[in-house]
Structures are given as structure tokens and as C-alpha cells.
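The values are calculated or read from the model by the stated rules, or taken from the named source; none is laboratory data. Remember, it's a predicted structure, so these values are computed and weren't measured experimentally. A quick note on method: Cβ atoms are made from the backbone with ideal geometry, for glycine too, and the neighbour counts reach across all protein chains shown.
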Amino acid sequence: MQPATQTWGQDLLLNFAACPRQSLTNPTHTRAWTGNLIASIKMRAFGEPSIEHFATHSYGSARTIVTQLLDTPSIGARFAEIPGRVFLDIFVCTPLDDTETKDLCRTYFTPTMVAATPMSRGTFAHKLAEAG
């Protein structure tokens, strides 16, 4: 079991608003972002990213969902085309430079508003040991 002070992984949740629609609807752009993000966080992709565009029957409901499995962690993204919002969940099992990762994602989606929430995962090992 890991010591209580050691984390099992890190999550970085990013919410972007007022992104240009063209940055959310171009699969080539999305693949470039995914590849550069993987290189930046020094992870190895497990297969190709899944990029699915759906709800196209309704202009205001169109969404793209991106899932990229990595050797142990994953990247998840949801692009809401109208009103131009991006919701990212970047999970890694090694130290993550939150600022560098956020800045890289900002360059691809050019939001006017950003909210970032870093989270440590698995820091409750001491509670599990106490529960026995």
C-alpha cells in the first residue's frame, strides 16, 4: 500500500468558455491537440483517439466527445459547439505541470474564460489502512 502522503495520480479539470466554433469542429485540429497534449504530459497513447461528433440534427445541441486512452491514464474532452465550451479531464499517474498543460490547451481552443481545477487522486491510503 502507498504511504498516505503519496498520490496515485493527478487530474486536471479545465472548463473553457467562448471558444471559436471552428476550433471545436475540426477533427484534424482535435487530433493535433491530442497528439501535442500527449507529448507535453510525456505519456504514451494507447491506440488512436476516439473523436465522435453527434446531435448534429440540432444546431444548438451538436457535441464532440474525445477519448484518448493512455498506457495507464486517460484524456476525456467534451466540446459544446454552441456556445463554444470545452470541458477537459486530463488524468495522469505522474507529476503534471498544471500551468503548462492549461496553456497548451488554451492555444488550441483560444477561450476567453478559463476555470482550472487540479486534483490529487488516491491520497486516502492511510484511511484504507485504518479501515483494515
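Across segment 34-68, the qualifying residues are those that are of a type in the set (S, T, N, Q) and part of a strand (DSSP E or B), and the one among them that is surrounded by the fewest Cβ atoms within 10 Å (Cβ to Cβ) is Ser50. Note on segment 78-120: residues that are in contact with a Phe, Trp or Tyr (Cβ under 7 Å, 6 or more places away or on another chain), over 14 Å from Thr64 (Cα atoms) and assigned to a helix (DSSP H, G or I) amount to 1. Quick one: count up the residues across segment 93-105 that are over 8 Å from Leu12 (Cβ atoms) and buried (at least 16 other Cβ atoms within 10 Å of the Cβ). Of the residues in segment 93-105, 3 are over 8 Å from Leu12 (Cβ atoms) and buried (at least 16 other Cβ atoms within 10 Å of the Cβ). Restricting to segment 10-22, and then to whatever is modelled with pLDDT under 95 and not in a strand (DSSP E or B), can you tell me which residue is surrounded by the fewest Cβ atoms within 10 Å (Cβ to Cβ)? Result: Gln22.
Per the listing Thr7, Thr25, Thr56, the residue uniquely within 22 Å of Arg106 (Cβ to Cβ), modelled with pLDDT under 95 and out of contact with any helix residue (DSSP H, G or I) (no Cβ under 6 Å at 6 or more places or on another chain) is Thr25.
Please verify whether segment 69-77 includes one or more residues that are among the hydroxyl-bearing types (Ser, Thr, Tyr), in contact with a strand residue (DSSP E or B) (Cβ under 7 Å, 6 or more places away or on another chain) and in a helix (DSSP H, G or I). Before you say what the answer is, go through the steps one by one.
Let us first name the residues in segment 69-77 that are among the hydroxyl-bearing types (Ser, Thr, Tyr), namely 72, 74.
Those left that are additionally in contact with a strand residue (DSSP E or B) (Cβ under 7 Å, 6 or more places away or on another chain): 74.
Restricting the remaining residues to those that are in a helix (DSSP H, G or I) gives none.
No; the residues of segment 69-77 include none that is among the hydroxyl-bearing types (Ser, Thr, Tyr), in contact with a strand residue (DSSP E or B) (Cβ under 7 Å, 6 or more places away or on another chain) and in a helix (DSSP H, G or I).
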